[in-house]
Amino acid sequence: MTDNFHFYEPAQGHGLPHDPFNAMVGPRPIGWISSQSAAGVRNLAPYSFFNAFNYVPPIVGFASIGAKDSLHNIRDTGEFGWNLATRPLAERMNASCAAVPPEVDEFELAGLTPVASRCIAVPRVAESPVSFECKLTQIVQLEGVDGTKVDTWLVLGEVVGVHIARHLLKDGIYDTAAAEPILRAGGPADYFTVTRDNLFKMFRPR
């Protein structure tokens, strides 16, 4: 059976043309995070390590590999937004990940419209059909198995406000495929989108 599997220990390297870790844990939702500095400078950046972690209260989180502007802003203000990245917004989402100085407003850089939130001071992306308003609950610096601190911070926040475009609610049920969310996959440039022909149903055992 060993010959049928490629085995590697990450600490020793994967021995492949591209690290497969991200591809196997995926596709992954994109954390398109809006924040702003204490001085009011807006920031918008996509993070490929993002997900939801709890129902009540609803908690989402993303990992910042390196202490980036989003981390500093959220630490200073205690607030951030999450904006759904969709297929029509893919190129502008990608533009917002440019490595630019902290004083650059990525909303302007990517041609996006900041719109006021209801519960937090941080704006959301007007063009995005779904946005969460979040208040910081925890920032956790990750550690390796040997206890060594990693240059990555997990940022967790409670969702205190939700915006959903009404056309995505069909008989009161959120229509995931209609939103055309894009998901990060493996490889240096791979993404997927959710389409209706990918849908299948499976109910939990009773």
Q) In terms of modelled amide H atoms, which long-range or inter-chain residues lie less than 5 Å from the amide H of Asn54? A) Ile59
Q: Could you let me know the centre-to-centre spacing of the range 174-206 and the range 40-72, using Cα atoms, in angstrom?
A: 21
Q) Looking at Val145, Ala110, Thr193, which one has the Cα that reaches farthest to the positive end of the dipole of the chain (charges on Cβ: Lys, Arg +1; Asp, Glu -1)? A) Thr193
Q) So if we plug the beta-carbon distance of Arg206 and Met24 into 1/(1 + (r/R0)^6) with R0 = 22 Å, what FRET efficiency do we get, rounded to 0.05? A) 0.10
(Q) Give me a comma-separated list of calculated 3J(HN,Hα) values for the range 140-152, in order, Karplus coefficients 6.51, -1.76, 1.60 applied at θ = phi - 60°, integers in Hz, x for any Gly or Pro. (A) 10, 7, 6, 10, x, 4, 8, x, 5, 5, 9, 7, 9
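Taking 0.36 nm per residue of sequence separation and subtracting the Cα-Cα distance, how much length would be gained by fully extending the chain between Thr148 and Val160, in nm to one decimal?
Details: separation 12, 0.36 × 12 = 4.32 nm, distance 3.37 nm.
Extra length from Thr148 to Val160 when fully extended: 1.0 nm.
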Q: For the range 123-133, take each phi angle, set θ = phi - 60°, evaluate the Karplus expression 6.51 cos²θ - 1.76 cosθ + 1.60, and give the result in whole Hz per residue in order, putting x for glycine and proline.
A: x, 10, 7, 4, 6, 7, x, 9, 9, 10, 9
Q) In whole Hz, what ³J(HN,Hα) sequence does the range 24-33 give by Karplus (6.51, -1.76, 1.60; θ = phi - 60°), x for Gly and Pro? A) 6, 8, x, x, 10, x, 9, x, 8, 9
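Take the Cβ-Cβ distance between Tyr55 and Leu109 as r, set R0 to 22 Å, and report the resulting FRET efficiency rounded to the nearest 0.05.
Working: r = 35 Å, r/R0 = 1.59.
Step by step, r from the Cβ atoms, then E = 0.05.
Values in this text are rule-based calculations from the coordinates and carry no lab data. Predicted, not measured: the structure shown is a model, and the values here were computed from it. Neighbour counts run over all protein chains shown; Cβ positions are idealised from the backbone, glycine included.
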